[in-house]
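Scroll down for the structure; my scribbles are underneath it.
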Amino acid sequence: MYTAAINRHVMTIRSVIQLLEEIAPPVLQEPYDNAGLLTGHAADSCTGVLVCLDVTEAVVEEAVAKRCNLVIAHHPVIFKGLKSLTGKSSVERTVIAAIRHHIALYAIHTNLDNVMQGVNGRIARQLGLLNTAPLLPLQGALRKLCFYVPADHADAVRDAVFSAGAGQVGAYRECSFNSNGTGTFLPGPGTQPFTGQQGIRHSGEETRIEMIFQYWKESAILEALFRAHPYEEVAYEIYPLNNRLQEAGSGLIGELPAPLAETDFLQLLKTTFSLPLVRHTLLRNQPIRKVAVCGGAGSFLTGNALRAGADAFVTADLKYHEFFDAENRLLLADIGHYESEQFTIDLIFDVLKEKYPTFAVLKTDTRTNPVYYFY
Ligand SMILES: [Zn+2]
C-alpha cells in the first residue's frame, strides 16, 4: 500500500549545515577559531534546530525539551580544546549534556563574521547603513582559471563551470572572457583522442575561456570542468590574484542615510540594540555619517576604521587603553559583545526559514548574555 512516508523528505543535520556553509564557507574562519560541527553526527536526521549565540547547559536543556537535536550557535562552546570531559566546568557539562542527549552542536563563528551578509551585514541593516563594504577586505581569496575548449563545446563547458560557482564579480554572475584561436596537439601512444589521430599533429579552433573564482570553490570547479570537457587531457591554468574580495573580510563600513549629531547617533545605538548604556570616547562635535561596525571584539580594526575615514566605529569588548586608539579622530563606541551580535540569531533563523519554511527552526528563549548592568 502506498503511504505518504515513502516520499517524505528526511532532513539531515548535514543538509542544514550545507545550507549555512554556502553562506559562510568554513575556510573563511580565522585560524584561532573552532567553528563547525562540535558534537553529533552529520548523517543523523534532524528533528529541529535551535538557534542561539552561546550554548550553555540551559540551552541544551531547552533543545531537549523542544525536541531539537541540532543547536546552531555563533560561538563555539569548545574553543580552547578539552583534555578531559569530567564535568568540572560549565563547558564540559554542556558538551556532556549534548552528547548524552544526542544533540549536535554546530558553531558558525568567524566564518559568519567574515562574509558581507553575515554578522556585520546584519548590524549594518539594523542601523540602516548604505553603500556597505568590508572594512578589511579579504586578500588572496581570488584565483583565475583559464581553459581551452573546442569552439563548438565552449558554451556547454562554460555553463558547467559557471554552475560550480566560477565567474562571480561582486553582484555580477557568469562573468568570463572568451577568445578564439588555434590549438594544436599530437596524441601519443595509448591515447584515445576526442578528435584527431594518434601520432599526427592535430590543429583545431579552440576557445580560451577566463574567469575568476573564490579559492574554496576550486575543487568543485575543476570537477565540473573535467566532467563537461570533451578532451581526455584538459588544458587549463590557475593563477593566484592579488585582487581583494569585496564580498568578504573583517568588519564593515557604510553610510547613514543622513548625517546624525553624535548624541542622536548614540541614541540610535541605544534604541537599535536595546542598550542601557554605551561606553564611548570624547564627543568631537562632528556629525556622524560614515560608520564602521564590527560585532564582538573589534579593537583590532580601529586603525582600519580611521584610515577608511569613519566618523564612528561601533564594536565591543574594548579595554581601557584601546579607547585611546581612536586618537580623538572618530567616535569609538562599545555596545557590549552580546548586544552587538544579538541579531545574528535572527540572521541564522531567517536563512533557515527561507529555505525550509515548514521545518522546526526556533530561536532560543534562554538568555545567554553573562553580563548584567546595574545603573
Ligand atoms: Zn562574538
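The values are calculated or read from the model by the stated rules, or taken from the named source; none is laboratory data. All values reported here derive from a predicted model rather than from experimental measurement. Cβ: placed from backbone, ideal geometry, glycine included. Neighbour counts: every protein chain shown. To get the accessible areas, we keep the full protein, side chains included, count just its heavy atoms, and leave off ligands, DNA and RNA. Shrake-Rupley method; radii C 1.70, N 1.55, O 1.52, S 1.80 Å.
One residue alone among T56, T47 is buried (at least 19 other Cβ atoms within 10 Å of the Cβ), in contact (Cβ under 8 Å) with a residue 40 or more places away in the chain and of a type in the set (S, T, Y), and that residue is T56. Note on segment 102-158: among residues that are among the hydroxyl-bearing types (S, T, Y) and farther than 30 Å from R14 by Cβ, the one that is modelled with the lowest pLDDT is T132. Looking at (1) loosely packed, with under 14 Cβ neighbours inside 10 Å; (2) of a type outside the set (K, R); (3) in a helix (DSSP H, G or I), which one does A258 not meet, given that it meets all the others? Of the numbered conditions (1) loosely packed, with under 14 Cβ neighbours inside 10 Å; (2) of a type outside the set (K, R); (3) in a helix (DSSP H, G or I), the odd one out for A258 is (3). So which of F313, F324, F359 ends up being away from the ligand (no atom under 16 Å from the Cβ), without any contact (Cβ under 8 Å) to a residue 40 or more places away in the chain and surrounded by fewer than 21 Cβ atoms within 10 Å (Cβ to Cβ)? Only one candidate passes the filter, namely F324. Tell me, please, whether a residue that is over 30 Å from L318 (Cβ atoms), in a loop (DSSP other than H, G, I, E, B) and touching a Phe, Trp or Tyr at 6+ places or on another chain (Cβ under 6 Å) can be found in segment 236-251. No: segment 236-251 contains no residue that is over 30 Å from L318 (Cβ atoms), in a loop (DSSP other than H, G, I, E, B) and touching a Phe, Trp or Tyr at 6+ places or on another chain (Cβ under 6 Å). A count restricted to segment 281-310 and to residues that are more than 16 Å from the ligand (Cβ to nearest atom) and either in a strand (DSSP E or B) or closer than 24 Å to H75 by Cα (or both) stands at 6.
From the list E341, E354, the lone residue that is touching a strand residue (DSSP E or B) at 6+ places or on another chain (Cβ under 6 Å) and either among the acidic types (D, E) or within 12 Å of the ligand (Cβ to nearest atom) (or both) is E341. What pairs come up if the first residue lies in segment 329-342 and is open to solvent by 40 Å² or more (accessible area, probe 1.4 Å), the second is within 10 Å of the ligand (Cβ to nearest atom), and their beta carbons are under 6 Å apart, counting only those six or more places apart or on different chains? Here the result reads H337/G296; H337/A316; H337/D317, each pair linking segment 329-342 to a residue that is within 10 Å of the ligand (Cβ to nearest atom).
Can you say whether A312 is under 16 Å from V278 (Cβ atoms) and modelled with pLDDT of 95 or more, as far as the supplied structure shows?
Spelling it out, A312 is indeed under 16 Å from V278 (Cβ atoms) and modelled with pLDDT of 95 or more.
Within segment 355-366, being modelled with pLDDT of 95 or more and out of contact with any Lys or Arg (no Cβ under 8 Å at 6 or more places or on another chain) holds for K363, T364, D365, T366.
For segment 257-282, how many residues meet the condition of being touching a strand residue (DSSP E or B) at 6+ places or on another chain (Cβ under 7 Å) and among the hydrophobic types (A, V, I, L, M, F, W, C)? Talk me through it step by step, then tell me what you get.
Start the filter on segment 257-282 by keeping residues that are touching a strand residue (DSSP E or B) at 6+ places or on another chain (Cβ under 7 Å), which leaves 257, 259-260, 262, 265-266, 268-269, 278-281.
From what is left, the residues that are among the hydrophobic types (A, V, I, L, M, F, W, C) are 260, 265-266, 268-269, 278.
Residues meeting the conditions: 6.
Checking each residue in segment 134-166 for being open to solvent by less than 20 Å² (accessible area, probe 1.4 Å), assigned to a helix (DSSP H, G or I) and either touching a Pro at 6+ places or on another chain (Cβ under 6 Å) or under 24 Å from S203 (Cβ atoms) (or both) picks out A154, V157. In this structure, is S299 closer than 21 Å to V119 by Cα, in contact with a Lys or Arg (Cβ under 9 Å, 6 or more places away or on another chain) and among the polar types (S, T, N, Q)? Here the answer is yes, as S299 does meet what is asked.
Can you find a residue in segment 85-96 that is within 16 Å of the ligand (Cβ to nearest atom) and modelled with pLDDT of 95 or more? Within segment 85-96 (the criterion being within 16 Å of the ligand (Cβ to nearest atom) and modelled with pLDDT of 95 or more), the answer is yes, since at least one residue qualifies.
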